[in-house]
1. Average partner chain C-beta neighbours within 10 Å, per residue of B:79-87?
2. For the residues A:Leu11, A:Leu65, what sequence is obtained by ranking on other C-beta atoms within 10 Å, fewest first?
3. Hey, got the average number of other protein chain Cβ atoms within 10 angstrom for residues in A:145-155?
4. Rounded to the nearest 500, what is the 222 nm mean residue ellipticity of chain B from helices alone, with -39500 (n - 2.57) per DSSP H run of 4+ residues and division by all residues?
5. Sorting B:Tyr127, A:Tyr192, A:Tyr16 on the 10 Å Cβ count, fewest up front, what's the list?
6. Taking all pairs of different Cα atoms in chain A, averaging 1/r and flipping that mean, what Kirkwood radius in angstroms comes out?
7. Please average, across the residues of A:132-138, the number of beta carbons from any other chain that are within 10 Å of each residue's own beta carbon, and give a whole number.
8. Taking only the Cα atoms of the range B:104-250, how large is their convex hull per residue, in Å³?
Amino acid sequence: MAAVVVAGWWLLSLRYGAYVLPSPGAVARGAAEIVATGEIWRHTGASLARIAVGFGGAVLAAVLLALLAFLSRLVRGVVHDLVAVLNSTSVFVWIVISIIWFGLSNWAPIFTTFMITLPVVASNLVEGVASVDRRLLEMGDVYRLSGRQKFTAIVVPSTLPYLVAGMKIGFGLALKVSVVAEIFGVTSGIGYVMNYSREILATQMVFVWALVMIGVMTLTDKLVFDMVSRRLMRWR
Amino acid sequence: MKLEVSGVGKDYLIPVIDSVSFAVEPGEFLCLLGPNGCGKTTLLRIIGGLEPATRGRVILDGRPVVFEQWHDRKVGVVFQEDRLLPWQTLRDNVALVLTPFGRPAAERLATADRYLNLVGLGGFEDYYPGRVSGGMRQRAAIARALAIEPDLLLMDEPFGALDAQNRRIMQNEVRRIWRQTGRTIVFVTHAIEEAVAIGTTLVMLSARPARVREAIRNDGRVERAKLIDDLNTMIMEEVERQQGGGPLGG
């Protein structure tokens with residue numbers, strides 16, 4: 001299967017030329033080159049660092065919002081509306097606004113990532129909190145568990161899977177979004193280097209970095225999120 | 001522990017429970033019987049302080065039970081579902097309800113093991129609820145209710161979800177545990193054979209709105225087969241009355 005795809009790719013690259021569709025060999029050489037020069041780590045690291053701040057901040061903010069929503073009915077309504085508004089706002093809106101607010105700096109991709117992933121994680125968490133089994137909470141009342149005991153023994157464990165699911169989707173989104181935002185005003189990161197490669201007509205490097213992105217996404221999914229979910233669900 | 005239910009009634013949109021009165025002596029095993037939908041579960045929840053009554057009072061050892069207020073008598077409840085936390089082992093599930101008593105963790109775990117052993121779950125302490133059978137989960141729920149050493153144990157059709165064989169086994173177990181621990185038990189069921197097999201007092205409720213139709217001492221003076229026959233006749237009459245009782249009947 002893979003061999004057929006590569007063969008087809010190679011044939012098409014012969015037909016259209018290296019600028020439109022670089023050959024598999026050229027892409028492989030490009031990949032070897034960025035590994036040899038260490039560029040792969042520099043740019044992937046820069047992107048991941050921005051994601052860590054933007055997406056990490058979004059997770060923290062979402063947890064805070066969900067907590068408040070759990071405690072107050074009023075906040076629950078506000079969070080619900082906020083999530084709806086944020087969810088329907090385009091990535092580009094945040095990129096433009098963040099450039100106006102923060103100039104051409106690291107904060108533009110960080111802020112964009114934050115604003116895009118916040119509603120995804122928050123809506124999952126709020127849904128998780130809302131779906132806590134009332135019958136288990138009533139059991140807690142019968143046995144006179146304190147509010148804190150009910151929170152740690154019942155609310156947190158039933159919400160955690162929703163948090164992990166939200167983070168999994170959120171992280172994928174964070175990677176895609178921050179890379180777009182990196183086209184503007186920063187001089188490192190996968191998005192920057194892809195756009196730069198395009199400008200110097202090195203199309204094969206655009207493909208190489210796209211593959212790096214796919215690799216990062218697959219690895220974090222398999223290594224981080226799947227492992228965490230398995231650990232959380234070990235009672236199943 | 002003495003429980004008095006006097007003139008308890010409950011209205012939702014329509015009156016569900018008209019007025020029910022009975023008393024339960026310490027160490028008694030009372031079965032609440034009645035047609036489906038006559039308010040047995042609601043009555044049990046009122047006794048447990050999980051729901052307010054529209055009228056009447058529930059008195060535990062001289063003090064009234066008030067909805068959402070602490071009572072100084074301990075009440076354990078076994079629900080129709082096991083209501084175990086799926087992410088905690090059976091041992092942790094039982095130990096959890098001992099935390100409000102503020103004893104050290106090791107003691108809580110030891111108590112949990114003791115009660116799990118009592119209900120026949122020795123060796124399964126480290127299992128998660130999802131890994132054991134429905135009957136075993138319901139046993140764990142009973143162990144949890146017993147672990148707080150309740151003055152009153154309320155059971156709401158705890159074996160409803162079990163197959164006939166497991167049901168029989170669990171009835172014998174509950175009877176044995178009752179004898180062994182001497183707890184006062186109020187047990188809701190709609191299965192007459194079950195009530196006659198395990199209860200010392202049988203209270204038959206009428207169709208909705210519920211009243212006490214009959215209270216019978218099950219002390220072996222009346223022959224079992226005859227008692228079951230009589231109760232069956234009664235329940236069929238009440239079921240018919242309920243079905244004829246308007247648009248919400250049946």
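No lab work stands behind these numbers, since they all come straight from the coordinates. This structure is a prediction, so every number in the text was calculated from the model and none was measured. Positions of Cβ are generated from backbone atoms using ideal geometry, with glycine treated the same way; all protein chains shown enter the neighbour counts.
1. 5
2. Ascending Cβ contact count within 10 Å gives the list A:Leu11, A:Leu65.
3. Across A:145-155, the average partner-chain Cβ count within 10 Å equals 2.
4. Details: 7 runs with 88 residues, N = 250.
The per-residue figure over chain B is -11000 deg cm²/dmol.
5. Least crowded to most crowded, the residues run A:Tyr16, B:Tyr127, A:Tyr192.
6. 20.2 Å
7. Partner Cβ neighbours, averaged per residue: 3.
8. 146 Å³
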